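S.K.: Before I ask anything, here is the structure I am working with.
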Amino acid sequence: MKIKFATGPIAAALLCVVGGGATAQDTDGDGIWQVEEFTCRDLLMRGGEERDFVLVYMHGFMSGKMAEMTFDTPALTAATDAALESCIDTPDQPLLAAFEEARG
């Protein structure tokens, strides 16, 4: 198996988040959220490093779920754009559904 490393906006976001210590919080504010319950609206209400953290987490979650070992920056960037557009169009949908569609 070959692992391909690439740089770009998502890689930069990951580096910022790892160093920044930002955490996504659920609506109760306890810092714990269930992936299947997190909505697009929850993502859109966050900004900056916190939003970046959630996006990077979701890409990692999806890559693990799909057993992907390649970090394809252009594909991940396109998938991020598609997921965000879907979230803007349908903010009450689960974020996981938006990512499953975008990463399909």
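S.K.: Mind listing whichever residues of the range 68-102 are modelled with pLDDT of 95 or more, hydrophobic (A, V, I, L, M, F, W, C) and over 16 Å from Gln34 (Cβ atoms)?
M.R.: Residues satisfying the conditions are Ala75, Leu76, Ala78, Ala79, Ala82, Ala83, Leu84, Cys87, Ile88, Ala102.
S.K.: Residues of the range 50-94 being assigned to a helix (DSSP H, G or I) and either touching a strand residue (DSSP E or B) at 6+ places or on another chain (Cβ under 6 Å) or charged (D, E, K, R) (or both), which ones?
M.R.: Glu50, Arg51, Asp52, Lys65, Asp81, Glu85, Asp89 - these are the residues of the range 50-94 that are assigned to a helix (DSSP H, G or I) and either touching a strand residue (DSSP E or B) at 6+ places or on another chain (Cβ under 6 Å) or charged (D, E, K, R) (or both).
The values are calculated or read from the model by the stated rules, or taken from the named source; none is laboratory data. Quick caveat: nothing in here was measured; it's all calculated off a predicted structure. Quick reminder, even Gly has a Cβ in these numbers, built from the backbone with ideal geometry, and neighbours come from all protein chains shown.
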